[in-house]
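The values are calculated or read from the model by the stated rules, or taken from the named source; none is laboratory data. The model shown is predicted, which means the values in this text are computed figures rather than measured ones. Glycine gets a Cβ as well: all are built from the backbone with ideal geometry, and neighbour counts include every protein chain shown.
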Amino acid sequence: MSVNVEELKERLLRDLDERGFEYALGTLRHVHARQSLPANTYVELMIWLINEFLQRKNVRIEDWKDEDIKGVEIILGDDDIPFDLRLEVFKALLGFYGKAREEIGRIVNTLSPGTVASKVIKGLIVLMENFERFAEVKRPEKLTFPSLIPPEPRPKEDLLNEIISVLEESKQVILIGPPGAGKTHLAMWVAHLFTEEGRRGVWTLVQFHRSYRYDDFIERAVLKSRGISVELVVEQQLFVRLCRYARQNPEKRVVLVIDEINRADIAGVFGELIYALEYRGYPVKLAYSGEHLVVPENLYIIATANDIDRGTFDIGIALRRRFEVKRVDTNEEVLRELLQNEGAPNDVISATVDIFKRVNNLFEKTIGKRGLGHLFFRGVRDKNSLVHVWRYRIKPLIEAYFLVPGMMSDAQQLIKDVESQLGKL
């Protein structure tokens, strides 16, 4: 059932005037929960209601209701509401105190000097009067994104559309395959098109590595000096900041591309957030700050994973349960198209494709899957560039994988055959 926004505004204003700020907030949240109010409309109405409250409550202390103070308490503790707006509400509370100062002074005078109550109220007065002079207003870092444009060429439309459809449905997808298959390139294009080239959202990219930790991705605790003292401060990291940005901009699609997700210890990096990825909308308590974080519905993740590198972790059952997995493989046709775009002559294309097939046959024979993507041959335009790619990209890869006991003879024979072939080209 659709909601008439103007009628709802009238109802909220009546509640605000007659029953107080807390009740009006409750009405808005009830309508949002029961009648599926769109997230962006809900946020707009929340901002509108707060502004109405601020305009209407700049009045005498006698006109403040207990429910108004309770409503202010709710707003100040809600991290989903933009910080600057909550700060305005806080200033209204300071104004509330300012108008009540004379009355508070009379209360103090009625108390016996030296009593605990007298000392507490006098201390609170001093705190309030000097708050703005000494308090550090900790504004959340404003999260901004550069205008990212993926490199050409654009992947094939059917592949793009397939992954976009999976991402829209499941919110989390892993592109898995051999190195050089174009997984990262594809992920960037999917993110770019899914956010409608920046018109409907934002995307950013992070690359995992073996030393990447929870402290780099979720939050970390650091020691900072404050004058002559040192205090422990919790700093939000990329994923937490993205979650909060997405909650404050529910109309946007926020996409995180995680390149080579299995180069890091995934359980260690995500920590308790592994649960939150599966159960969107349920709060998870963070390890350092103790704050509760919800992964919002408009945050999407595209990850890439290399499935043959010995320097990677297995993505594991836990991650496979929470991500859709799309295999991105490589083949001779894609390589031919790449070489033709580079302007390579036919004899160089034939030799390159033959080397590509030989190397992948060795991988399939030993580990059961292809291990060499077509992008290893990017830049091959003639015989000299093919020899360069073989010598400095392909041959070192073969040596790293296969020059070990049990695999050495086949690899050495392959190297010998390819170098003979290149010598005759």
Only one of LYS365, LYS424 that is more than 22 Å from GLU260 (Cβ to Cβ), touching an Asp or Glu at 6+ places or on another chain (Cβ under 8 Å) and exposed (fewer than 15 other Cβ atoms within 10 Å of the Cβ): LYS365
Residue ID - surrounded by the fewest Cβ atoms within 10 Å (Cβ to Cβ), chosen from residues in region 146-181 that are at pLDDT below 90 and of a type in the set (A, V, I, L, M, F, W, C): ILE149
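Conditions (1) of a type in the set (Lys, Arg); (2) within 19 Å of GLY177 (Cβ to Cβ), marked per residue:
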| position | (1), (2) |
| --- | --- |
| ASN346 | no, no |
| ARG358 | yes, no |
| LYS369 | yes, yes |
| GLY373 | no, yes |
| VAL380 | no, no |
| ASN384 | no, no |
Residues located in region 1-52, provided they are surrounded by 13 or more Cβ atoms within 10 Å (Cβ to Cβ) and among the acidic types (Asp, Glu): ASP15, GLU22, GLU44, GLU52
Residue, surrounded by the most Cβ atoms within 10 Å (Cβ to Cβ), within region 53-66, restricted to residues that are of a type in the set (Lys, Arg) and modelled with pLDDT of 70 or more: LYS65
Residues located in region 376-400, provided they are part of a helix (DSSP H, G or I) and buried (at least 19 other Cβ atoms within 10 Å of the Cβ): PHE376, PHE377, LEU386, TRP390, ILE394, ILE398
Residues that are within 17 Å of ILE47 (Cβ to Cβ), out of contact with any Leu (no Cβ under 7 Å at 6 or more places or on another chain) and not in a helix (DSSP H, G or I), drawn from region 1-25: none
